[in-house]
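Read the structure below first, then the notes.
No lab work stands behind these numbers, since they all come straight from the coordinates. Keep in mind that what you see is a predicted model, and the values were worked out from it rather than measured. Note that we place each Cβ from the backbone using ideal geometry, even for glycine, and neighbour counts take in every protein chain shown.
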Amino acid sequence: MKPKPIKGVPRQKFGGFHDTESEKQFDPALIPLKFEILKRRFFMINHWKSYCGSAFADFKLYDSNAEPVERDPQKGDFIRIDIPGPGEPEAKGYDWVEVSDICYYQDSVSESIMMTCRPCKNRKNKKNDHIAHFYSSKATSTFMISKGHAYLKTAVYGRNELPNFKAGFIDVIRNIFVAAGGMMGIAKIQWKVLTDGFLHFE
């Protein structure tokens with residue numbers, strides 16, 4: 001099985017990967033309104049947990065100065081991730097990613113928004129030079145929402161997923177186990193909860 005070639009998603013070169021997608025059909029007349037709702041959900045990173053339940057990770061958006069913010073994400077921002085279970089001790093229990101790119105694509109029949117994130121250092125502890133994530137800095141996660149004539153789609157595309165070995169001994173052991181679980185499909189199951197949740201409308 002090979003990763004899907006998706007415009008805007010980094011190319012798979014090594015390690016694990018996943019293509020996690022959800023799609024729903026709607027009356028074409030409802031698509032514009034529902035896509036606006038979906039965009040608000042997508043950009044409200046601090047509220048992602050509300051779409052996937054208490055057992056899922058918690059996400060908090062930080063600006064380039066590592067200050068918490070309540071706004072749409074921007075390139076150069078950071079996201080602090082609180083994964084259920086043990087986080088990196090060196091990172092005070094959190095994993096961190098940087099928003100490395102935000103792309104918009106649109107034509108006469110479709111529109112999509114993509115946000116790519118990469119593991120990074122703990123932005124609240126500048127004394128620590130280690131990547132604060134269970135994946136290495138080469139890994140990426142690309143979050144996408146899109147609309148067509150009669151459908152909405154949400155997705156998370158993981159690429160180049162390898163354990164982060166540049167950490168303290170305890171962290172390396174933890175990273176191996178968590179990353180291995182992710183590469184065996186556990187991460188895909190968790191992301192599917194989020195992509196499904198984004199498309200749940202009352």
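Assorted remarks:
- Looking at region 1-100, the chymotrypsin sites (Phe, Trp or Tyr not before Pro) that sit in a DSSP loop and have at most 14 other Cβ atoms within 10 Å of their own Cβ are PHE14.
- Rounded, prolate or oblate (a/c below 1.5 giving rounded, otherwise prolate when a/b exceeds b/c) for region 1-67 by Cα gyration tensor: oblate
- Loop-resident sites, region 1-81, for trypsin sites (Lys or Arg not before Pro), counting at most 12 other Cβ within 10 Å (DSSP): LYS7, ARG11, LYS13, ARG71
- Each Lys or Arg adds one and each Asp or Glu takes one away; over the other residues whose Cβ falls under 9 Å from the Cβ of GLN12, this sums to +4.
- Size estimate for region 1-123 follows the Kirkwood approach: the inverse of mean 1/r over distinct Cα pairs works out to 16.6 Å.
- Links that overshoot a 31 Å alpha carbon limit, given the list LYS24/LYS60; LYS34/LYS121; LYS7/LYS60: LYS34/LYS121
- Charge sum, other residues only, whose C-beta stays under 11 Å from ARG71's C-beta, Lys/Arg counted +1 and Asp/Glu -1: -4
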